[in-house]
Amino acid sequence: KFRRVGVDGVVSPALMGGRRMASEMVRPEVASFVGSLHAATDNSLSLAEISIPYDGPYANISLREADLRSQANCLVVGARSKVTVPYVYNPLPDERLHPGGSILALGDPEGLAHLRALLESSNHT
């Protein structure tokens, strides 16, 4: 019924809470790290999706060539093209940045803002 009216997903607090409690028991350090990603503070790490513009300077080049980590101090943990629905997690250095696609990056707010500006800039350094 939800899909027929346009709902893409449903959040179950009971299911989420159960999974979190299980993670806390089995892998407390991992659960703590993931929890810190959800706690938004000005200087905490965040996970962000950043689009690759069609006319951007980094379109169609590899992650190795883009060297985003050294330029913005952010870690690219996922990449996808516009037509690929699932992300490629932990992409290899030869993974290309597809125009119209996006990346998942981990970093502090300043680094993520710088990364977004780099990908949208008109000059590639």
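The values are calculated or read from the model by the stated rules, or taken from the named source; none is laboratory data. What you are looking at is a predicted structure, and each value in this text was computed from that prediction instead of being measured. Methodologically, a virtual Cβ is constructed for each residue, glycine included, from the backbone with ideal geometry; neighbour enumeration extends over all protein chains shown. Surface areas here come from the heavy atoms of the whole protein model, side chains and all, with no ligands, DNA or RNA. Shrake-Rupley method; radii C 1.70, N 1.55, O 1.52, S 1.80 Å.
Using alpha carbons only, how many degrees (0 to 90, rounded to 10) separate the axis of helix 28-38 from the longest principal axis of the chain?
Compared with the principal axis, the helix lies near 60 degrees.
Only Cα pairs within less than 10 Å get springs; with that Gaussian network setup on the chain, which residue of VAL76, VAL30, VAL88 has the largest fluctuation?
The residue that fluctuates most here is VAL30.
What's the Cα-based Rg to Rh of the chain, Rh via Kirkwood? Numbers along the way, then the final one.
On the way: Rg = 17.0 Å, Rh = 16.3 Å.
Ratio value, two decimals: 1.04.
Counting Lys and Arg as +1 and Asp and Glu as -1, each charge on the Cβ, what is the dipole of the chain about the Cα centre in debye, to the nearest 20? Please list the in-between numbers first.
Values: 12 positive and 13 negative charges, 147 e Å.
With only Lys, Arg, Asp and Glu charged at Cβ, the dipole is about 700 debye.
Along the Cα-to-Cβ line of SER44, 7 Å from the Cα, sits a label point; which residues in region 100-117 have backbone N less than 17 Å from it?
106-112
Can you give the local net charge around LEU68? Use residues other than it whose beta-carbon is closer than 15 angstrom to its beta-carbon, Lys and Arg +1, Asp and Glu -1. It would help to have the intermediate numbers written out before the result.
Values: positive: ARG64, ARG69, ARG96, ARG116; negative: GLU49, GLU65, ASP67, ASP94, GLU95, ASP108, GLU110, GLU120.
Here the count lands on -4.
Taking all protein chains in place and a 1.4 Å probe, what share, in percent, of the accessible surface of the chain do carbon and sulfur account for? Present the calculation step by step, with values, prior to reporting the outcome.
Numbers: 4960 of 8660 Å².
Here carbon and sulfur together make up 57 percent of the probe-accessible area.
Under a point spin-label approximation (7 Å from Cα along Cα-to-Cβ), what is the ASN90-ARG19 distance to one decimal in nm?
A separation of 2.0 nm, rounded to one decimal place.
Among GLY56, ALA113, VAL77, pick out the residue whose Cα is farthest towards the positive end of the charge dipole of the chain, where Lys and Arg carry +1 and Asp and Glu carry -1 on C-beta, about the Cα centre.
My answer, from the dipole projection, is VAL77.
Taking only Cα atoms, what is the 0 to 90° angle, nearest 10, from helix 109-120's long axis to the longest principal axis of the chain?
That works out to roughly 40 degrees.
Round to the nearest 10 and give me the degree value, 0 to 90, for the angle of helix 13-26's Cα axis relative to the longest principal axis of the chain.
Roughly 80 degrees between the two axes.
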